[in-house]
């Protein structure tokens, strides 16, 4: 088994493979982060809309409302945990002596 390492590491760009295309695409880390936060926000808005629909009697069933609310809660908790880990790593780096 041969292990290969990347020739360069860039903190400005995240490279990921898109399953639908054969070539690699580069996306800036800030754009990736903003996209992830927008997805969490859209899940929160969908959960709010579902809750309002349930309160007004427009919701088809309670199950879909609860699923939307749990998706939003899980996404938010995951985002908070990622933020905590990033802050913890930053603080650890700042404590290092050069």
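Bear in mind these aren't lab numbers, they're just calculated from the coordinates by the rules spelled out. Only a predicted model underlies this, so the values are computations on that prediction, with no experimental measurement involved. No Cβ is skipped: glycine too gets one built from the backbone with ideal geometry, and neighbour counts run over all protein chains shown.
In terms of other Cβ atoms within 10 Å, 54, 33 run from fewest to most in the order 33, 54. When only Cα pairs below 8 angstrom with a gap of at least 6 residues are kept, the range 33-95 shows a relative contact order of 34 percent.
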